[in-house]
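Quick notes on the structure that follows.
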Amino acid sequence: MKRLLAVLGFVLLPSVFWGAAQAQDFSKWAVLVVAGDNRAQNGGPTKVFDNARKDLVKAFTGLGFAPGNIEQFAVNHDATARPADMGSIAGAFWDLSNRAPQGCLIYFTSHGVPEGIGVGKDVVSPEKVAAMVNNSCGDKPAVVVMSACYSGVFVPALARDSRIVITAARADRASFGCGELDQFTYFDDCFLRALPKAEDFAGLGGLVQQCVAFREKQMKAEPASEPQVSIGSKVTFTLRWK
């Protein structure tokens, strides 16, 4: 673990910009965080996805995203999160994107299959997630993170010139770390560790890729999940804010 922290502490990828980079005010961005399951890979109970949801919200708030513009959904719903249902998610995010119209940050963490990602009792297809994002965000600046096995299947449906799409795995690969005793999946853990180190979302994606590759090699998890990063040609926003 010390070596993993060293990787994230000292191996920083160069920042990547398209056009003139702008200091970004995230206070009027709509943020959606979804913990889509509460079961481990063996079917037993786990808090791994909900742990990520809670810590991601804290991290995003620390970066300047407004708490009042963050919607949370979870299977283990509580006072901060509504029940995870795709219809409810889409409706709430539409309303939120109209109140916070400057951009979108969307993060799903759950189990995945080649056909899509688990949200409650349903497997939600890339096309259905893309329809929600397109409806609420259109061509606004957006970052979409899909943390699940086989989540690379979402890249073609979600990619746009104004978006960054980051996934936990290739379309044909599993990801790791969703056991009963895990605190976070490997990808979610690496995302949270990399977030304070990155100056932009493009660099963040690269740092997460490095971290996941190191962790999987360290744990002898095979075959490598190979997280994917798609950066639109018109992306200019950074992780800095005014």
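The values are calculated or read from the model by the stated rules, or taken from the named source; none is laboratory data. Computed from a predicted model, the values in this text were never measured in an experiment. Cβ coordinates were reconstructed from backbone atoms using ideal geometry, including for glycine residues, and neighbour counts include every protein chain displayed.
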| request: For region 25-44, state whether one or more residues are within 16 Å of the chain's Cα centre (by Cα) and without any contact (Cβ under 8 Å) to a residue 60 or more places away in the chain. | output: no
| task | Can you run down the residue pairs with Cβ atoms below 9 Å, 6 or more apart or on separate chains, where the first is in region 184-204 and closer than 16 Å to residue 174 by Cβ and the partner is in a helix (DSSP H, G or I) and hydroxyl-bearing (Ser, Thr, Tyr)? | result | 187/151
| Check on residue 119, touching a Phe, Trp or Tyr at 6+ places or on another chain (Cβ under 8 Å), of a type outside the set (Ser, Thr, Tyr), over 21 Å from residue 207 (Cβ atoms) and buried (at least 21 other Cβ atoms within 10 Å of the Cβ) | yes
| field | Lone unmet requirement of (1) in contact (Cβ under 8 Å) with a residue 40 or more places away in the chain; (2) in a helix (DSSP H, G or I) for residue 65 | value | (2)
| Are any residues in region 182-229 farther than 19 Å from residue 59 by Cβ and not basic (Lys, Arg), and if so, which ones? | 213, 214, 216, 218, 219, 221, 222, 223, 224, 225, 226, 228
| query | Is at least one residue of region 75-83 buried (at least 17 other Cβ atoms within 10 Å of the Cβ), touching a residue at least 60 places away in the same chain (Cβ under 8 Å) and on the phi < 0 side of the Ramachandran plot? | reply | no
| task | Test residue 187 against the stated conditions and say whether it is assigned to a helix (DSSP H, G or I) and modelled with pLDDT of 95 or more. | result | yes
| said: With the structure loaded, tell me whether residue 189 is over 15 Å from residue 107 (Cβ atoms) and surrounded by fewer than 24 Cβ atoms within 10 Å (Cβ to Cβ) or whether it fails that test. | reply: no
| note | All-but-one check, residue 176 against (1) in contact with a Leu (Cβ under 9 Å, 6 or more places away or on another chain); (2) of a type in the set (Phe, Trp, Tyr); (3) under 21 Å from residue 38 (Cβ atoms); (4) surrounded by fewer than 24 Cβ atoms within 10 Å (Cβ to Cβ), failing number (1)
| said: Would you confirm whether or not region 201-218 contains a residue that is part of a loop (DSSP other than H, G, I, E, B) and of a type in the set (Gly, Ala, Ser)? | reply: no
| Considering region 121-155 alone, what residues qualify as being closer than 13 Å to residue 167 by Cα and not aliphatic (A, V, I, L, M)? | 126, 147, 149, 150, 151, 152, 154
| said: Looking only at region 111-142, how many residues end up being touching a residue at least 12 places away in the same chain (Cβ under 8 Å) and at positive phi? | reply: 2
| remark: By residue number, the members of region 178-208 that are among the acidic types (Asp, Glu) and touching a strand residue (DSSP E or B) at 6+ places or on another chain (Cβ under 9 Å) are 180, 188, 200
| query | For residue 225, which of the numbered conditions (1) in a helix (DSSP H, G or I); (2) within 25 Å of residue 125 (Cβ to Cβ) fails to hold? | reply | (1)
| query | Residue check, residue 182 against (1) acidic (Asp, Glu); (2) in contact with a helix residue (DSSP H, G or I) (Cβ under 6 Å, 6 or more places away or on another chain); (3) part of a helix (DSSP H, G or I), all met but one. Which one? | reply | (3)
